[in-house]
Amino acid sequence: MARRSDHSREELKEMAIAAGQRIIAEEGFANFSARKAAREIGYTIGTIYNVFESHDDFILHINVVTLRDMAVFLEAKASGSGQQVIKQLAAGYSEFAKENYNRWSALFEHNLPEGQELPDWYNDEIKKLFYIVEKHFEAVVKNKKSVEIAAKTIWASIHGICQLSLTGKLDTVGVKSIKTLTDSLVDNYMRGLVS
């Protein structure tokens, strides 16, 4: 087992986050534990809680990496402008969720204790993710508040479609293709915004 002096606090933090990402990616959120992550990096559970404020703080630091990775993935998928790029982002979101199901799912499986709010640094990453969609609405919708609501509505709707698909429930709505639903959603929603 490594000694406490073998790594700096920042190195320990990075190692623990990477270990947590691997465990969640390979075993799913339900099988994640800080103890497993500590064991994987060769330290005790006490070391994890010397580096992170709490178990929830540790999970948020793991999940924020997923948010950042998703943002990079989506930015790479977006080319052009307007309605077409919104469709590309919808397809990219579905693709990321499918390719990274356990990590993506962990974003929604983890719940903070009642009354505890997400820290600002985590909320900032969520805002950056939404901005990827918002900036493409801005060319069409001039009202900033409408842009924010539109991005969140599209995201929530596409998230629901992804969830149905990835849990094998898309047949319940009588459609086999995510793309059919997401394209229809974007086409109709955008038509409503510009008319």
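The values are calculated or read from the model by the stated rules, or taken from the named source; none is laboratory data. Since the model is a prediction, treat every value here as computed from it, not as a measurement. Cβ: placed from backbone, ideal geometry, glycine included. Neighbour counts: every protein chain shown.
Closer than 21 Å to THR180 by Cα, within 16 Å of the chain's Cα centre (by Cα) and assigned to a helix (DSSP H, G or I): does that describe ALA97?
Answer is yes for this residue.
Tell me yes or no: at least one residue of the range 59-70 is more than 21 Å from ILE161 (Cα to Cα), in contact with a helix residue (DSSP H, G or I) (Cβ under 7 Å, 6 or more places away or on another chain) and not in a helix (DSSP H, G or I).
No, the range 59-70 has no match at all.
Yes or no, residue by residue, for (1) modelled with pLDDT under 90; (2) part of a helix (DSSP H, G or I):
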position: GLU125; (1), (2): no, yes
position: ILE158; (1), (2): no, yes
position: CYS162; (1), (2): no, yes
position: LYS176; (1), (2): yes, no
position: GLY192; (1), (2): yes, yes
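Name the single residue that is nearest to THR182 (Cα to Cα) among those in the range 58-88 being charged (D, E, K, R) and within 17 Å of the chain's Cα centre (by Cα).
Out of the qualifying residues, it is LYS77.
Condition first: buried (at least 16 other Cβ atoms within 10 Å of the Cβ) and closer than 16 Å to VAL133 by Cα. Now tell me which residues in the range 160-188 satisfy that.
THR182, ASP183, LEU185, VAL186
So that you can scan it fast, the table gives a plain yes or no per residue for (1) over 30 Å from ILE158 (Cα atoms); (2) at pLDDT 95 or above; (3) surrounded by fewer than 18 Cβ atoms within 10 Å (Cβ to Cβ):
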| residue | (1), (2), (3) |
| --- | --- |
| ALA2 | yes, no, yes |
| GLY20 | no, yes, no |
| GLU26 | no, yes, yes |
| ILE59 | no, yes, no |
| ALA90 | no, no, no |
| HIS110 | no, yes, yes |
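Mind counting the residues in the range 154-195 that are closer than 18 Å to GLN84 by Cα and under 16 Å from the mean Cα position of the chain (by Cα)?
Selection size over the range 154-195: 4.
Within the range 30-46, track down each residue that is under 21 Å from the mean Cα position of the chain (by Cα) and either outside the structural domain of ALA18 (by TED's automatic domain parsing) or not small (Gly, Ala, Ser) (or both).
ASN31, PHE32, listed by residue number.
Name the one entry in GLN83, GLN88, GLN116 that is outside the structural domain of ALA19 (by TED's automatic domain parsing) and either part of a loop (DSSP other than H, G, I, E, B) or basic (Lys, Arg) (or both).
Going through GLN83, GLN88, GLN116 in turn, the sole match is GLN116.
Please indicate, with yes or no, whether at least one residue in the range 93-104 is surrounded by 15 or more Cβ atoms within 10 Å (Cβ to Cβ) and under 23 Å from SER146 (Cα atoms).
Checked against the condition, which is being surrounded by 15 or more Cβ atoms within 10 Å (Cβ to Cβ) and under 23 Å from SER146 (Cα atoms), the range 93-104 yields at least one hit.
Among the candidates ARG68, ARG9, single out the residue that is in the same structural domain as TYR93 (by TED's automatic domain parsing) and not aromatic (Phe, Trp, Tyr).
Residue meeting the stated conditions: ARG68.
Can you find, within the range 116-157, the residue that is nearest to SER54 (Cα to Cα) among those that are in contact (Cβ under 8 Å) with a residue 24 or more places away in the chain, surrounded by 13 or more Cβ atoms within 10 Å (Cβ to Cβ) and small (Gly, Ala, Ser)?
That would be SER157.
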